[in-house]
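Engineer: Before I ask anything, here is the structure I am working with.
The values are calculated or read from the model by the stated rules, or taken from the named source; none is laboratory data. These numbers were taken from a predicted model, which means no experiment stands behind them. Cβ placement follows ideal geometry from the backbone for every residue including glycine, while neighbour counts extend to all protein chains displayed. Each accessible area value is taken on the protein alone, full model and side chains, heavy atoms only, with ligands, DNA and RNA left out. Shrake-Rupley method; radii C 1.70, N 1.55, O 1.52, S 1.80 Å.
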Amino acid sequence: MNGTSITDKMIEVVDLHKHFKDLHVLKGVNTSVTRSEVVAIMGPSGGGKSTFLRCLNRLEEPSSGHIFIEGVDIMAPYIDINKVRTEIGMVFQSFNLFPHLTALENVKLAPIHVRRISAQEATERGMALLEKVGLKDKAHAYPEKLSGGQQQRVAIARALAMQPQIMFFDEPTSALDPEMIGEVLDVMRAMAREGMTMLVVSHEMGFIREAADRVLFLADGQIVEEGTPAQIFGDSKQVRTQDFLSKIL
Amino acid sequence: MNPKAALPDAAQKFLRTHPAWFKLVRRPVFLAVTFALVAAYALLVLPQPGTASPAWLYSSIALFLLLVLAWSGNVLADKDKPEILKLAVSLLLIAVLGWLFYRYSGAQWGRLIEFFFNFKKLKGNWWILRDGLGVTLLLAVISAAGSVLVGLTVAVLRAYQSRTLDLFLKIYVDVFRSAPMVVIMVVLFFALPYVGISLGSILTTVVALSLGYGAYASESFRAGIEAVHSGQIEAARSLGLSRWQTIRMIILPQAIPVVIPPLTGNMVSMLKDTAVASLVAAPELLKRARELYTSKTNPTALVAAALIYLVVLIPLVRVVNVLEKRYNKGSQ
């Protein structure tokens, strides 16, 4: 396998298609992500970015194609998708914290009930993660008492509590007020530095330029162009990419 | 721009000031004088029943009604009058109308009271109604638990979104929401024995009420479950929680508080519907009252049963109201 062992290839996507009734949202996406790589996904809305990400942990059921996570074909009929999802943390645009649980309970829930670790261990791990995202003092607050930025940082801690191999971010800062974007991006930068494999749907140019290894430009259900941030932002070869970038800059 | 400027002259004048006659009729002095006049009319002009010609009798009563309604309407329509006065006037109006009816309808009041409110006849037999109430409450409590269990199970199964399962559950819900409770109970009681299932009156009632109100409860639960944002389910599933864990730990804790007010309302309706069980001879309140009615050949027992239902149900209806208000406040 020309030097790369199978475990270094965290995600491999082969000819991924997704139809919503008559709508052909993903038209054959092929790509792969190696360990510790940070991949930014950009593109116009309706281009299939979110659908692509959500297909990778089968929150959205792909219509055809193959997805390998750490070498395992997650489209295979016998696969336990819940097991696969424990390895992939996901952060949503609208945070989706559980409103009936405190910040700490949000973080503890899945480790206790899915990973089956003890409540005490989950509490310790949860507190450590909340401290890491700067919200130790908000551990016992309910989501409605937290700002958008704080909620999103709890959501990140909640995903990290499962100790996933991969993190997905679906427009994590789009629903935030401008002054709160920085605190969330800081947490994400720290994760990237620590070697987390990350797929990030985002248009935060500063963050992508600094933290991403590669940019996928997704439009009309296909990868139109990919390359390093420098290549895409400074020297893109495709008219569609240039057109899009000129609009958001 | 002043919006009043666009109004016609007459309206503008009315907005600035009321006409003189309007101010006059709202004065306390005017009210007192007219009250005295109407009272004098009632005492001096209204004829004794049976002494006047029908034409004179009816026209004088009609005029009296007109005067009384105009006088009280004048008070009740005035937003500057205190509420306590309006309450007093309303009570007085009811009393006057009652007095008119009592005096001129020719009803046999003594017979009516002897027939329907002859509580002496119930002496020594109140324990029968008390036992009946006990059975009614027991039926209601067991059936409430049964219907919540049925409703929750059906709603959770429907949340799994299996097409085949959903089809059958929908048929159950629609059938039991459409069929009158009387029919359900009678069918269970009189038809099932022919296929070898004999439930007895108490069990028939519990099963019928649980299935019937379970159908309603399942719809309430389903509405509550569907009100939970889809992002909640996605977040739970993305953490690796199974469908059942997601329903149990994420969806139901958010859905159940929403469902409690409508569910309590359903349970109150169900308490009323226990009366239908008297048709299948369950010894509940209405059945025992009907027995008394037959043995004493006097319907006072039925009136007593009606009053007992009211005494039990009115507080419950108020409780439902408070719950609904509290929930609506909480959701804002």
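Engineer: With every protein chain left in place, what is the accessible area of B:H18 in Å² (1.4 Å probe, nearest 10)?
Structural biologist: Ignoring ligands and nucleic acids, B:H18 comes out at about 80 Å².
Engineer: When only DSSP loop residues count, what trypsin sites (Lys or Arg not before Pro) in segment B:61-129 have their Cβ near at most 15 other Cβ atoms within 10 Å?
Structural biologist: Answer by residue number: B:K79, B:K123.
Engineer: Starting from the Cα gyration tensor of chain B, take the square roots of the eigenvalues, sort them a ≥ b ≥ c, and report rounded, prolate or oblate (rounded when a/c is under 1.5, otherwise prolate if a/b is larger than b/c, else oblate).
Structural biologist: It comes out oblate by the Cα gyration axes.
Engineer: Could you do me a favour and compute the accessible area per residue for chain A, 1.4 Å probe, result in Å²?
Structural biologist: 44
Engineer: Right, here's the next one. Can you find, among A:T123, A:H203, A:P172, the residue sitting farthest towards the positive end of the charge dipole of segment A:122-231, where Lys and Arg contribute +1 and Asp and Glu -1 at Cβ?
Structural biologist: Checking the options against the dipole of segment A:122-231, the answer is A:T123.
Engineer: A further question follows. May I ask you to give the average projected area over all directions of the convex hull of the Cα atoms of segment A:1-102, in nm² rounded to one decimal?
Structural biologist: Computed as one quarter of the Cα hull surface, the answer is 8.6 nm².
Engineer: Working with all protein chains in place, sort B:L137, B:L313 by solvent-accessible area computed with a 1.4 Å probe, largest first.
Structural biologist: B:L137, B:L313
Engineer: Another question about this same structure. A:I41: net charge of surrounding residues, Cβ under 11 Å, Lys/Arg +1, Asp/Glu -1, itself excluded?
Structural biologist: After counting each charged neighbour, the total is -1.
Engineer: In addition: If I compute solvent accessible area with a 1.4 Å probe over the protein chains, what percent of it on segment B:123-194 is carbon and sulfur?
Structural biologist: Result for segment B:123-194: 73 percent of the exposed heavy-atom area is carbon or sulfur.
Engineer: Buried accessible area for the A:B pair, summed, 1.4 Å probe, in Å² rounded to 100?
Structural biologist: 1600
Engineer: Find out how many positive minus negative residues lie around B:L167, taking Lys and Arg as positive, Asp and Glu as negative, among other residues whose Cβ is under 14 Å from that of B:L167.
Structural biologist: Net local charge, B:L167 excluded: +1.
Engineer: Note down the magnitude of the dipole of chain B about its Cα centre, charges +1 on Lys and Arg C-beta and -1 on Asp and Glu C-beta and zero elsewhere, to the nearest 20 debye.
Structural biologist: With only Lys, Arg, Asp and Glu charged at Cβ, the dipole is about 640 debye.
Engineer: Within segment A:198-222, find all residues whose amide N lies under 17 Å from a label point positioned 7 Å from the Cα of A:Q238 along Cα-to-beta-carbon.
Structural biologist: A:200-203, A:214-222
Engineer: When the expected Rg is taken as 2.2 N^0.38 Å, what fraction or multiple of it is the alpha-carbon Rg of segment B:205-248?
Structural biologist: 1.58
Engineer: Which ³J(HN,Hα) values, rounded to whole Hz and listed in residue order, are derived for segment A:56-68 from phi using the Karplus coefficients 6.51, -1.76 and 1.60 in 6.51 cos²θ - 1.76 cosθ + 1.60 with θ = phi - 60°, glycine and proline given as x?
Structural biologist: Those phi angles translate into 5, 10, 6, 5, 10, 7, x, 7, 7, x, 10, 10, 10 Hz.
Engineer: Helix check for chain B. Which DSSP H runs span at least 20 Å along their own axis by Cα, with a mean Kyte-Doolittle hydropathy no less than 0.0?
Structural biologist: Membrane-span-like by this criterion, though nothing is claimed about a membrane: B:54-76, B:83-104, B:126-159, B:163-178, B:200-227, B:252-273, B:300-330.
Engineer: May I ask you to list the chymotrypsin sites (Phe, Trp or Tyr not before Pro) in segment A:10-86 that are in a DSSP loop and have at most 16 other Cβ atoms within 10 Å of their Cβ?
Structural biologist: Sparse-neighbourhood loop chymotrypsin sites (Phe, Trp or Tyr not before Pro): A:Y78.
Engineer: List the lysines whose Cα sits under 16 Å from the Cα of A:K132, skipping any in the same chain fewer than 8 residues away.
Structural biologist: A:K108
Engineer: Along the charge dipole of chain B, pointing to its positive end and built from +1/-1 on Cβ of Lys, Arg, Asp and Glu, which listed residue (B:W126, B:V148, B:I184) has its Cα farthest out?
Structural biologist: Selected residue: B:W126.
Engineer: Next question, about the same structure. Just want to confirm a number: the relative contact order over chain B, from Cα pairs under 8 angstrom separated by 6+ residues, in percent.
Structural biologist: Value for chain B: 19 percent.
Engineer: With every protein chain present, what accessible area does A:S94 have (1.4 Å probe, heavy atoms only), rounded to the nearest 10 Å²?
Structural biologist: 60
Engineer: Sticking with this structure for a sec: DSSP loop (so not H, G, I, E, B), at most 15 other Cβ within 10 Å: list which trypsin sites (Lys or Arg not before Pro) in segment A:1-95 pass both filters.
Structural biologist: The qualifying sites are A:K21.
Engineer: Using modelled backbone amide H atoms (1.01 Å from N, in-plane), which distant-in-sequence or interchain residues come within less than 5 Å of A:V38's amide H?
Structural biologist: The list, which skips near neighbours in sequence, is A:M198, A:D213, A:R214.
Engineer: Based on C-alpha coordinates, I'd like the Rg and Dmax of segment B:187-315, in Å.
Structural biologist: 21.1, 70
Engineer: Also: Which angle between 0 and 90 degrees, to the nearest 10, do you get for helix A:148-160 versus the longest principal axis of chain A when only C-alpha atoms count?
Structural biologist: Value to nearest ten degrees: 90.
Engineer: To the nearest 10 degrees, how steep is helix A:103-113 against the longest Cα principal axis of chain A, on a 0 to 90 scale?
Structural biologist: It works out to around 80 degrees.
Engineer: If you take the charge dipole of segment A:1-97 about its Cα centre, with +1 on Lys and Arg Cβ and -1 on Asp and Glu Cβ, which of A:T34, A:I74, A:S94 is farthest toward its positive end?
Structural biologist: Looking along the dipole axis, the top candidate is A:S94.
Engineer: Run a plain Debye calculation on segment A:150-221 (Cα atoms as equal point scatterers, no solvent) and give log10 I(q)/I(0) at q = 0.25, 0.26, 0.28 Å⁻¹, rounded to two decimals, same order as the q list.
Structural biologist: Relative scattering, expressed as log10 I(q)/I(0), comes to -1.34, -1.43, -1.60.
Engineer: Here's another thing I want to ask about it. Where Lys and Arg each count +1 and Asp and Glu each count -1, what net charge lies around A:Q222 among other residues with Cβ under 13 Å from its Cβ?
Structural biologist: Spelling it out: positives minus negatives among the neighbours equals 0.
Engineer: Normalised by the number of residues in segment A:106-249, what is the relative contact order in percent for Cα pairs under 8 Å and 6+ residues apart?
Structural biologist: Here the relative contact order equals 16 percent.
Engineer: Additional query: When N is the residue count of segment A:6-49, what does its C-alpha Rg come to as a fraction of 2.2 N^0.38 Å?
Structural biologist: 1.37
Engineer: A further question follows. Would you mind giving the average projected area, over all directions, of the Cα convex hull of segment B:280-332 in nm² with one decimal?
Structural biologist: 4.8
Engineer: So how strong a dipole does segment A:68-164 carry about its Cα centre when Lys and Arg Cβ are +1 and Asp and Glu Cβ are -1, to the nearest 20 debye?
Structural biologist: Here segment A:68-164 has a charge dipole of around 220 debye.
Engineer: I'm a student and want to see the number: the projected area of the Cα convex hull of chain A, averaged over all directions, in nm².
Structural biologist: Orientation-averaged projected area of the Cα hull: 14.4 nm².
Engineer: Over the alpha carbons of segment A:34-160, what is the largest minus smallest coordinate on each principal axis, giving the biggest first in Å?
Structural biologist: 45, 36, 28
Engineer: Applying the Karplus parametrisation 6.51 cos²θ - 1.76 cosθ + 1.60 with θ = phi - 60° to the phi angles of segment A:123-129, what ³J(HN,Hα) value in whole Hz is obtained for each residue in order, glycine and proline being reported as x?
Structural biologist: Ordered by residue, 3J(HN,Hα) equals 5, 4, 5, x, 5, 4, 5 Hz.
Engineer: Also, I was wondering about something else. Lysines within cross-link reach of A:K27: Cα-Cα under 23 Å, excluding same-chain residues under 8 positions apart?
Structural biologist: Cross-link targets: A:K9, A:K18, A:K49, A:K237.
Engineer: Among rounded, prolate and oblate, which fits segment B:1-157 when a ≥ b ≥ c are the square roots of the eigenvalues of its C-alpha gyration tensor, a/c under 1.5 means rounded, and a/b larger than b/c means prolate?
Structural biologist: oblate
Engineer: Turning to a different aspect of this structure: Taking each pair of different alpha-carbon atoms in the protein assembly as shown once, compute 1/r for the pair, average those values, and report the inverse of that mean as the Kirkwood hydrodynamic radius in Å to one decimal.
Structural biologist: Evaluated on the protein assembly as shown, it is 31.3 Å.
Engineer: Something else about it: In degrees, nearest 10, range 0 to 90: what is the angle between the Cα axis of helix A:178-193 and the longest Cα principal axis of chain A?
Structural biologist: Tilt of helix A:178-193: around 80 degrees.
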